[in-house]
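Down below is the structure, laid out as structure tokens.
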Amino acid sequence: QVQLVESGGGLVQSGGSLRLSCAASGMIISSYSMGWYRQAPGQLRELVSFITADGTANYVDSVKGRFTISRDNAKNTVYLQMNSLKPEDTAVYLCSAVRLTENYWGQGTQVTVSS
């Protein structure tokens, strides 16, 4: 059974940093594109960043220069380093894995940035 488990969320002041982790089990992430999404209350789910199987990273404009996605295939884990956090980054952050017709999701981890 495939599982994606996010961790590392929490409450941080504006300007602070957090590092999210997404640990996968029941699958090997090396052949998947891995992504981080976020969803704030009353808003649509938004793609924040994704990293392809060959390591190419992409970011939504609002986080460019502040967030860094990375993957450790040996640990079957993907990370999102978030720096210079802003109150508008507050959301539930979810990890996803995509390969062809396969798409898996984690349960999410809450990130709250206070002003």
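Summary of computed values
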| item | result |
| --- | --- |
| Residue 67 accessible area, 1.4 Å probe, all protein chains in place, Å² to nearest 10 | 10 |
| Rounded percent of accessible protein surface that carbon and sulfur make up, the chain, 1.4 Å probe | 49 |
| Heavy-atom accessible area ranking, 1.4 Å probe, most first, across 105, 36 | 105, 36 |
| Among 42, 55, 26: highest mean-square fluctuation, GNM of the chain, C-alpha pairs under 10 Å | 42 |
| Per residue solvent-accessible surface (Å²) - segment 1-92, probe of 1.4 Å | 51 |
| Length-normalised contact order of the chain in % [C-alpha pairs under 8 Å, at least 6 apart] | 36 |
| Area of residue 92 that stays accessible when all protein chains are in place (1.4 Å probe, Å², to 10) | 50 |
| Residue 28 - accessible surface, heavy atoms, 1.4 Å probe, Å² rounded to 10 | 110 |
| Candidates per trypsin sites (Lys or Arg not before Pro) in segment 1-73, loop by DSSP, up to 16 other Cβ within 10 Å | 45, 64, 66 |
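The values are calculated or read from the model by the stated rules, or taken from the named source; none is laboratory data. Here the structure is a predicted model, which is why all the values come from computation and not from measurement. Ideal geometry is used to build each Cβ from the backbone, glycine not excepted, and the neighbour counts take in all protein chains shown. Heads up: the accessible areas ignore ligands, DNA and RNA and are worked out on the full protein's heavy atoms, side chains in. Shrake-Rupley method; radii C 1.70, N 1.55, O 1.52, S 1.80 Å.
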